Structures are given as structure tokens and as C-alpha cells.
Amino acid sequence: MSIAPVLATDPLVEEAASRAFSDLAEKWFAGKVTRENLLTAVEQLGFAEAAPGDDSGAWLAAAAIIRAQARAAAPIDMALLLATGDRAAAIAHDPSEYFCAATSPMPASASAHAALSLGRCLQIGAALGAALELSIRYAQDRKQFGRALAQFQAIQHSLALAAEEVAACTTITDLALACAEREGIGSPRLPALLDAAALVAGHAVNVVYDMTHQVHGAIGFTQEYALHRHSLDLLRWRDHLHLARGGDIGCAERLGDAALAAGSAWRAVTANMTPGATP
Amino acid sequence: MRFHFPIFEFPPEAEALRAEVRAFVTEELAAGRWKKGGDFASNYDPAFSQRIGARGWLGMTWPKRYCGHERTMLDRLVVTEELLAASAPVAAHWIGDRQSGPLLLRYGSEAQRTEFLPPLARGEIFFSIGMSEPDSGSDLASVRTRATKVDGGWTLSGRKVWTTFAHRNHYAIVLARTGDAGAQRHAGLAQFIVDLKSPQVNARPIVNMAGQKEFNEVVFDDAFVPDDRLVGEPGGGWTQVTSELAFERSGPERYLSSIRLVEAALACAREKPTPRVREALGRMSAKLMALRTMSLAVAAQLQNGEAPNLEASLIKDLGNAFEREQIAVFRALASDLPKHSDDYLSALAQTTVYSPSWTLRGGTREVLRGIVARGLGLR
């Protein structure tokens, strides 16, 4: 007996969004468009309309768009745009700068708040994957001591560790996505899943930021090579995600309280992961 | 991405089964039938294995004609994770239920399935894994135990080590060399079902660091193995061994080895938890949710007939690091706990002493990272 996965992503939507954001990012990095041009293009493509409401069943397309934007490092913040509808804020940040995200807008409503967290986790997962992918290709191409970096066990293990964190982050995020898609953004168990995803994402950013730059050497630390785009995105989105949720310690304390209330960490975890449950 | 962890969820029937397992565990603990103890590889209790066999919780996914229960991998996962979360004594049946049975289902003869699967599913016979040797650890393809063809069967000579509970179990599935490897080092290997009670098979316990007799050195002194105990084809051993790995590496035993310590610390802290304890429990819960979702994905992929070997190795490495991290975290929090229960102290000692074995058994972290790296296209 075969078991079907919960989320059936539409490859056509994924591909269309990927292509669109790759094109936009390419034009932006070539200096051919302004941020306002990007916003207009995104609106013309209908992506700004993909904002998922409070109901279930709207998140898959939004997730594909958010991930595509993050993978391409296109400097238009689709998580913010779709969660808050704030057009100006979505293009306000300087993509070549890292700043503490404390001044970034925080949504007022609970559902927009959850939507923004989910969007941030989706962005982080996609950007982690992109940084890892760049590092794999670099390690395959770059030769030192007469062989490709990829042939050194130390490099292999560093990137394996990075991949493990990417996998953990994207999987817990997909779990939260499945909850939002099926039970709605107001699902009572979604906040705990988002707290968990925010913690896993935070750790993944630390590891991947470290490992991908180490593998790249000095070229990764330049503005002419693409890695920095993903790195700066990751740092900004992680900070904003954690600030929006009361800090990563706040996320951890809430999950810890759930474990204490249940009298068992295992029981709290299984309850939070049970579809339709009201923990 | 180069790996794939689709989201699956437990169906309502599986959640109903979870409630049943929890009630059973509560009743067993209340009756004092066992104490929470070591992990899946050390807490050995044949009577417990028979009781859960009688409940239909062994051989759950196997066909009914072999006394299996034709349930899904997800139902099986519910039972295994609940028993591990309760630190129940699962060591006797663990290997047979997890991998020897599935191996026989996939590669064994009809006669082998009929002979071995029913008593495995009843919890009456127990299996060991005969892979490592004194000179073959991570480099498994270098095994030297030799099976020589004789009339009516094979004679086995050589030795295996780290064979868990070979001194108490009934059978081991032994990887041996039947022919020369030649240029292909993975060729010329085969697996045999070996009777551990045979006079030419001598299992000698090797006392471990915890002072326990769990793993063994097993010597085969021209032990006769009948033809009908060869599993699959001569030369097919490597393919068969690697097909076991996804079952072996992705399960909850790879991230729940220290859950007993976490739960014991939580029980001590529950009346007056400090912010540090709350934070540690939360960080632990977050990672546990991620690992559990990943493990569920692999169980479902196995159910669907896929071979998620990269994903399984990735889970084991991540899970082992997680379960070892919890020991350091919940030891450091000792001074935050208002009291230290016997359960906390014994869990702390047990997990601390056993933890080096976690990142060795079933594939070292170095081997696992190599497999992940190969999956990433790095080798």
C-alpha cells in the first residue's frame, strides 16, 4: 500500500515562479531595472495577488513564489509583500547591506504575523539551499593541491553538515506549511510549529553561513560573487523572523512550557505534530 | 535539491494505535514488569518481546501468511517510537523486527520466510547482525569470514565482532566471502542465516565500558551451514547489505537514545522550572520535531518501495548529534533542578557512558557524512 505525501506541489507553478524571479534578478544585478520596476513586474505577473488569506488551501502557490524569489536572491521581499501587502516595505531594504532588522515592519494581526513567519522560514530554507548549491558547484570546479576541493574529505564533511541543516530547516518549514495549507493560518498548533521552525532555521543559518563561506574562501567574501547575496538575505531574514517571534529564546521558552505543561517533551512534540489537534 | 523529505502525516488509525501503545506502556510500568533502562541496543527482555509480539506489534508490515499484520510502515513507526520514548526493553527483538525480517522478505526463499518470519513476529526468536570483523569495521567490503562450498552446504570460518547479544540470540545473519572479490571489491559476498547455538559457533561476550555483556566476538570454526540457509544469491551480499541500511539508519532509535534523560530532567524541574530549563526543553523539542518529520518521510518512502539511502544517512548523523547534545545540555542544567531523582541520575550516567557507541553503531558519523557528500555530488 502506497502512502501519498500531504503536500502536492505543482511543478508548473514552481517552474514558472523560478523562471520569472531568475529573470528579474538577472536584470536587477545587471543594473537594468529599478526596485519600482521589480515591484511592477511582480504585480503584472500576478504574484502580488497570491497573498494567502486566513483560509486553508492558499499557501502552496504563495510558497512557490516566496521560495523562487529567495532562491534567485531577487531584491523584492515576497514574504513581507504577501503577508502584509506593504508594497513600499517590500523594496525598502538595501540588498547589499546587512543591518539589524529591529526597524523592519512587524504585522499587527495574528494571522499576518504567522504568515510572515512562515514566509520567512520558506525564504530561509530556499536561500540556504541556494548557498549550499553554489558551494557544491564551487567545490567541484575549484582546484587546489592538484585536485578539486570536492575531493578533500574535510570539505565533503563540512558541506554534508551544511546539507543536514538545510534538510532539517526545509522539512520543519514544510511541516508548518502543510499545517497552514490544510488547517489555515489560524490553526492553533501552527504557532508551535513556527517556533520550532524559527529555532531550526536560526541554527541552520549559523552553520550554513559558516560552512559555505569557509568552502568558498575569499571569493565568497566579495560583492562580485553571488554567495554574499544569499548570506545577507539569510542574516536579515533570520533576524527579522526571530524579532517578530520575540527572539529565539522566546520561541524556545514557549515550546519548553508546552513540554512542561504536558509533563513530557515527547507528548508535547507528538501533540503539536498531530493534524487537527488543539494543543 | 539533492535530497527529498516530503511531508507525510500519521493517519487517524495510527494515532489510535499510539493511544493503545501508551496505555500498554503505562500498565506495564505500573505493574513493575520492567524499569526504564538502556536504549534499543542494551535493554534486553525476551518476555517483553513476546508480550508485544502477542499484541501484533512485531512484524507489523509483513504479510499475514507469515504471521505478519499487513499494517503500514507508519503504524510500525508509531509502535517503535512510543516504545523508545518510554525506554522500554526492546533489544531482544529489535534487529529481527527492523532488518532481518525485512531482509528475508525481500531476498529470502519461501522456505526461509515460512520458517523464520512467524516466530520472529511472535517474539520467540531473536536475530543478530554479523557484519563487522576484527579487521573490517567501517570498511565492510573487506570482510574475510569465508564460506566454502561443500556437499549440501557451506563451511564458515572466520570471526565477527561487536555482534550484539549473539550470546543470547538464536540466529545471526552473517556476511561472508564466497568467492574472490577480483577487481570489484563488492563482489563475491553472500549472507547466511547462522544458528548461534551450533557447536562450531562460539559467541564470547566482550564486556563494554559500562561493564555490561552486550556485544560479542563470534568465532566460526568450520561451522556447517546448509544450502537452504544462504539468503539470496552468492555474490549478492553487498546489494543485500546496503538495502538494509535505510531501515537501519533512519528510525527513531537514531534520535531518541537520550529522551529518557530529558524526560527525567523535566520531571525534576516541573514544579519550578528555571528559564534555562524551559529554553533547553524548547530547543530540544524544535529539533526533535524536525528529526521526527524527516524520519516519517523516510518511513513513508520505504513503504512506497523507494530507497532513500542518502536521506537515511543524513537523519542518522543529525539524530546522533542531537541525542548526544542533550546529554551535555541536561547535565549542565543539574544545578537548575530542585531535586535529582534516581531516574535522572541513572539516565545521566547511562546515556553519558553509552553515548560514544551511538555515533559508531550502524555507521560511523564519518561514513555517514561520506554518503551524504556522495549524494551531494562531491565524490
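Read-outs: derived from the displayed coordinates by stated rules, not from any lab. Everything numeric here is computed off the predicted structure, so don't read it as measured data. Positions of Cβ are backbone-derived with ideal geometry, glycine not excepted, and every protein chain shown enters the neighbour counts.
Before moving on, here are some points about what is shown:
- Computed over the stretch B:12-125: relative contact order in percent, which uses C-alpha pairs under 8 Å that are six or more apart: 36 percent
- Partners for B:K149 among lysines (Cα-Cα distance below 22 Å; same-chain residues under 8 apart left out): B:K160, B:K197
- Between A:R137 and B:H4, the FRET efficiency from the beta-carbon distance, with R0 = 22 Å, is close to 0.65.
- The Cβ shell under 13 Å around A:A64 holds other residues with a net charge of -2, Lys and Arg each +1, Asp and Glu each -1.
- Listed peptides A:223-233, A:39-49 appear in the order A:223-233, A:39-49 once ranked by packing, highest mean of other Cβ atoms within 10 Å at the front.
- Förster radius 41 Å - calculated FRET efficiency between B:T242 and B:T352 (Cβ-Cβ, nearest 0.05): 0.80
- In the elastic network of chain A, a GNM with C-alpha springs shorter than 10 Å, the most mobile of A:Q140, A:Q69, A:Q123 is A:Q140.
- Under 15 Å, Cβ to Cβ, from B:R204 - net charge with Lys/Arg +1 and Asp/Glu -1: +1
- Per residue of B:368-374, other chain Cβ atoms within 10 Å of the residue Cβ number 6 on average.
- For B:149-156, mean number of other protein chain Cβ atoms within 10 Å: 0
- Proximal charge balance of B:R159 [Cβ under 12 Å; K/R count +1, D/E count -1]: 0
- Per-q log10 I(q)/I(0), the stretch A:184-279, q = 0.18, 0.20, 0.25 Å⁻¹ (Debye; single scatterer per alpha-carbon; no solvent): -0.84, -0.94, -1.22
- Semi-axes of the equivalent ellipsoid for the stretch B:250-375, computed as √(5λ) from the eigenvalues of its C-alpha gyration tensor and ordered from largest down, come to 30, 15, 11 Å.
- Residue among B:A290, B:A147, B:A312 with the largest mean-square fluctuation in a Gaussian network model of chain B, springs linking Cα atoms under 10 Å: B:A290
- Remark: relative contact order (chain B) = 16 percent; criterion is Cα-Cα distance under 8 angstrom and separation of 6 or more residues.
- Between A:M1 and B:T364, the simple label model (points 7 Å from Cα in the Cβ direction) yields a spacing of 4.2 nm.
- Going from the fewest other Cβ atoms within 10 Å to the most, the residues B:F5, B:F165 appear in the order B:F165, B:F5.
- Across peptide A:191-197, the average count of Cβ atoms from other chains found within 10 Å of a residue's Cβ is 3.
- Under the shape rule built on the C-alpha gyration tensor, where the axes satisfy a ≥ b ≥ c, the stretch B:129-236 is oblate, since a/c reaches at least 1.5 while a/b does not exceed b/c.
- Three semi-axes of the equivalent ellipsoid, the stretch B:12-125, Cα gyration tensor, whole Å, largest first: 24, 16, 11
- Modelled label positions at B:D139 and B:A19, each set 7 Å beyond Cα in the direction of Cβ, lie 5.5 nm from each other.
- Values of log10 I(q)/I(0) for chain B across q = 0.14 Å⁻¹ run -1.28, by the Debye formula with one identical scatterer at each alpha carbon and no solvent.
- Helix axis angle, B:73-85 relative to chain B longest principal axis, alpha carbon, degrees: 60 degrees
- Across every pair of non-identical alpha carbons in the stretch A:1-153, the mean reciprocal distance, once inverted, gives a Kirkwood radius of 17.1 Å.
- Zone residues, the stretch A:44-66, relative to A:A108, backbone N less than 17 Å from point 7 Å out along Cα-to-Cβ: none
- The value for the stretch A:11-272 of Rg(Cα) / (2.2 N^0.38 Å) is 1.01.
- Relative contact order (percent, whole number), the stretch B:250-375, Cα cutoff 8 Å, 6+ residue spacing: 43 percent
- Expressed in units of 2.2 N^0.38 Å, where N is the residue count, the Cα radius of gyration of the protein assembly as shown is 1.01.
- Phi angles across the stretch B:260-273 convert, under the Karplus curve 6.51 cos²θ - 1.76 cosθ + 1.60 with θ = phi - 60°, into 3J(HN,Hα) values of 4, 5, 4, 5, 5, 5, 4, 4, 5, 8, 4, 5, 9, x Hz, Gly and Pro given as x.
- Label-to-label distance for B:R51 and B:D151 is 5.1 nm, based on points extended 7 Å past Cα in the beta-carbon direction.
- Exposure proxy ranking, count of Cβ atoms within 10 Å, fewest first, for B:T293, A:T84: A:T84, B:T293
- Under Karplus coefficients 6.51, -1.76 and 1.60, residue-wise ³J(HN,Hα) of the stretch A:21-36 in Hz, glycine/proline x: 6, 4, 4, 4, 5, 4, 5, 4, 5, 7, x, 8, 10, 9, 4, 5
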